[in-house]
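These notes concern the structure reproduced below.
The values are calculated or read from the model by the stated rules, or taken from the named source; none is laboratory data. All figures in this text were calculated on a predicted structure; none of them were measured in a lab. Heads up, the Cβs are rebuilt from the backbone with ideal geometry, glycines too, and the neighbour counts pull from every protein chain shown. These area figures cover heavy atoms from the full protein model, side chains too; ligands, DNA and RNA do not enter into them. Shrake-Rupley method; radii C 1.70, N 1.55, O 1.52, S 1.80 Å.
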Amino acid sequence: MKKRFIAFMLCMAMVFSMTACGGSGSEEKQDAGDNTETDDSGSDVDYIKEKGTLVVGITEFEPMDYKDESGEWIGFDADMAKLVADELGVEAEFVVIDWDTKIMELDSKNIDVVWNGMTLTPEVTSAMECTNAYCNNAQVVVVPEDKKDADLADLTFAVEAGSAGEAAANDKQFQMNAVASQADALMETASGTSDAAIIDLLMAGAMIGEGTSYTNLIHTEELTTEEYGVGCRKGSDLAEYINGIFVKTYEDGRMMEIAETYGVQEAVVEQ
């Protein structure tokens, strides 16, 4: 009888021990979940430093982001992004995105910034934490020389989907074909698939006319004036960090030195 009583007491002790362990494990899981939430809502600057890369969302857009003969991304925006990455102590990684889904790419953390001659439109500034403007720009009409006197209302325009060029075409109620990039819009125009294109003035200056691949294309009317900024996640501290780098590099001359390399110095906004 005494042996049975001792066995019973040992079993009860084991049950209480297992229950206590289970309760401790639940509390640990809850604590881990709380820590994860804190990390997700923290500083973007710290997040980028911790992972070691600044992921930059771009499209191919000379003179802002394009590849050199060795396949490296260069351009005014690309070089400035590399400079900011250096200041953060991380590597710049460039990812070509669908410009029409740039906000989704940013919010899902597939990229950390949208930095590709992005016009500061109301849609952009309401959905992203944007830097101060760093370049002036315009949307311009690009046509083959033999169409320079054509009535714009009679033309079909190639425009980049989700771009300021598309918005300008909509405002003017022009006929248009939406394409993946401004580079594609130029190719459509040069091939005759579209009558004309609407692209950024800075791109037109670098990509069409004498000494380029599109010697027969010219730009005519300026449809809008606008400013470029860098887009970060809404509420991110990264935008203000980049603003600080803009001021620092404008004052020490590095921003203008990069701008002169790509011929956009006249468009740079004083910081």
> Taking amide hydrogens as modeled 1.01 Å from N in the peptide plane, which residues meet the under 5 Å criterion relative to CYS135, leaving out close sequence neighbours?
Replying inline: TYR228, VAL269
> Hey, what do the phi angles of the stretch 52-67 turn into as Karplus ³J(HN,Hα) couplings, whole Hz, using 6.51/-1.76/1.60 and θ = phi - 60°, x for Gly and Pro?
Replying inline: x, 9, 9, 8, 10, x, 9, 10, 6, 8, 6, x, 8, 9, 7, 9
> Taking all protein chains as present, what is the carbon and sulfur share of the accessible area of the stretch 35-106, in % to the nearest whole number, probe 1.4 Å?
Replying inline: 41 percent
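I'd like to compare 131-140, 165-174: which one has the highest average count of other Cβ atoms within 10 Å, and what's the full order after that? Show your work: numbers first, answer last.
Details: 131-140: 21.1, 165-174: 18.6.
Output ranking for 131-140, 165-174: 131-140, 165-174.
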>> Give me, ordered by chain and number, the residues 5 or more places off GLU93 or on other chains with an amide H under 5 Å from its own placed amide H.
In response: LEU54, VAL55, VAL56
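At a 1.4 Å probe, what is the % contribution of carbon and sulfur to the accessible area of the stretch 177-266? If you can, show how the numbers build up before the last one.
Working: 1930 of 4150 Å².
Of all accessible area on the stretch 177-266, carbon and sulfur atoms account for 46 percent.
Keeping every protein chain present and rolling a 1.4 Å probe, give me the accessible area per residue for the stretch 45-196 in Å².
Details: 6480 Å² over 152 residues.
Here the per-residue accessible area is 43 Å².
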> Rounded to the nearest 0.05, what FRET efficiency do GLU221 and SER70 have when you use their Cβ-Cβ distance and R0 = 41 Å?
Replying inline: 0.65
> Expressed as a whole percent, how much of the Cα-Cα distance distribution for the stretch 160-271 exceeds 23 Å?
Replying inline: 44 percent
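Using the per-residue mean of other Cβ atoms lying within 10 Å as a proxy for protection, in what order, highest first, do the peptides 231-237, 210-216 fall? If you can, show how the numbers build up before the last one.
Details: 231-237: 19.3, 210-216: 10.7.
Per-residue mean Cβ counts within 10 Å order the peptides as 231-237, 210-216.
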>> Just the number please: accessible area per residue for the stretch 200-271, 1.4 Å probe, all protein chains included, in Å².
In response: 50 Å²
>> Can you give me the orientation-averaged projected area of the convex hull built on the Cα atoms of the stretch 40-194, in nm²?
In response: 10.5 nm²
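Given the pairs LYS147/LYS172; LYS67/LYS109; LYS51/LYS234; LYS67/LYS147; LYS51/LYS82, which are separated by over 22 angstrom at their Cα positions? Display every interim value, and only then the final one.
Numbers: LYS147/LYS172 18 Å; LYS67/LYS109 24 Å; LYS51/LYS234 20 Å; LYS67/LYS147 31 Å; LYS51/LYS82 16 Å.
Pairs exceeding the cut-off: LYS67/LYS109; LYS67/LYS147.
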